[in-house]
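The values are calculated or read from the model by the stated rules, or taken from the named source; none is laboratory data. Keep in mind the model is a prediction, meaning the values are calculated, not measured. For neighbour counting, all protein chains shown are included, and Cβ atoms are generated from backbone atoms with ideal geometry for every residue, glycine included. Only protein heavy atoms, including side chains, enter the accessible area calculation; ligands, DNA and RNA are left aside. Shrake-Rupley method; radii C 1.70, N 1.55, O 1.52, S 1.80 Å.
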Amino acid sequence: MNTPQLRVIIVDDEALARQLIREYLASHTDISVIEECANGFEAVKAITEIHPDLVFLDIQMPKLSGFEVLELTQRKHGVIFTTAYDQYALKAFEVHALDYLLKPFSRERFDAALAHARQHIQDAITWEVPSSLTSDKKTERILIRDGVQVHVIPVTQIDYIEAQDDYIAIYTAGKCYLKTQTLADIEKQLDPSRFVRIHRSYIVHVERIARIELYAKDSRTAILRDGKQIPISRSGYDHIKQLL
């Protein structure tokens, strides 16, 4: 019986690191390296378009980290992390990565990781990626994939966020970006000292609030610095009073 070919992508910003993995893979006749990526943006495009069986993924790269690549692609299987830093091992295994290769790694260690991954892929064992890979740390930027483009929005530039069915609309500097995520989930990622949920459909950057006006009895409205008016619920007013 023929062994099925595994389609592999190598992602690393260091050319020598990509070359080493390619050399290690050369002796495995069931492996086809179908793409090499030198940064996270290339990786997002390749993973989305090619859907490889296995990805060797560096973690610390310019612009996008390996974890951010997984978040943007929502990849749920077939990843081996390769990195020179051991501090990400816990996070990697929390998301059930197939293996974690710490540079410099030997051919024997590489082959063992590949064998482990091969077995899991052939058994079609999947692993789940949480919606937030940084749940233990408040995010500093929001990533939004738009086709092959990736918008990187620093949270300091966000004015407010609105729930829209299965999406959230992120408003910043007069622009609006849609992202498939719930308002409750994005709320967990934001610093509660800077962002407050003032209504079941709205989270507001506290620094963008110019004033609060009484709209009716027990009903208030937040007026942002750009003039935008956002309703405040009773519980939302309790929350915002603690920050103002």
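Residues in segment 162-190 that are in a loop (DSSP other than H, G, I, E, B), touching a helix residue (DSSP H, G or I) at 6+ places or on another chain (Cβ under 9 Å) and either among the β-branched types (Val, Ile, Thr) or loosely packed, with under 14 Cβ neighbours inside 10 Å (or both): Ala173 only.
Of all residues in segment 21-45 being touching a Pro at 6+ places or on another chain (Cβ under 8 Å) and in a strand (DSSP E or B), which is surrounded by the most Cβ atoms within 10 Å (Cβ to Cβ)? My answer is Glu35.
Contact annotation: residue pairs with Cβ atoms under 7 Å, 6 or more positions apart or on different chains, pairing a residue in segment 190-213 that is modelled with pLDDT of 90 or more with a partner that is of a type in the set (S, T, N, Q) and part of a strand (DSSP E or B), are Glu213/Thr221.
Confirm whether Glu23 is free of Cβ contacts under 8 Å to residues at least 60 places away in the same chain, closer than 14 Å to Leu101 by Cβ and acidic (Asp, Glu). Criteria not met by Glu23. Every condition in (1) loosely packed, with under 13 Cβ neighbours inside 10 Å; (2) under 18 Å from Gln122 (Cβ atoms) holds for Lys63 except the one numbered (2). Scanning segment 73-90 for residues that are open to solvent by 20 Å² or more (accessible area, probe 1.4 Å) and within 19 Å of Leu143 (Cα to Cα) gives Thr73, Gln74, Lys76. For segment 1-22, the count of residues that are at pLDDT 95 or above, closer than 19 Å to Arg118 by Cβ and hydroxyl-bearing (Ser, Thr, Tyr) is zero. In the set (1) in contact with a helix residue (DSSP H, G or I) (Cβ under 6 Å, 6 or more places away or on another chain); (2) open to solvent by less than 40 Å² (accessible area, probe 1.4 Å); (3) not in a loop (DSSP other than H, G, I, E, B), the condition left unmet by Thr48 is number (2). Quick check on Arg18: is it of a type in the set (Lys, Arg) and touching a Ser or Thr at 6+ places or on another chain (Cβ under 7 Å)? So Arg18 does not fit the description; no.
Residues in segment 191-204 that are in contact with a His (Cβ under 8 Å, 6 or more places away or on another chain) and either surrounded by fewer than 14 Cβ atoms within 10 Å (Cβ to Cβ) or part of a loop (DSSP other than H, G, I, E, B) (or both): Arg194 alone. In segment 111-124, the residues that are under 11 Å from Asp53 (Cβ atoms) form Cβ pairs under 6 Å with partners that are open to solvent by less than 50 Å² (accessible area, probe 1.4 Å) and not in a helix (DSSP H, G or I), at six or more places apart or across chains, as follows: Ala117/Leu54; Ala117/Ile80; Ala117/Leu98; His120/Leu98; Ile121/Asp53; Ile121/Gly78.
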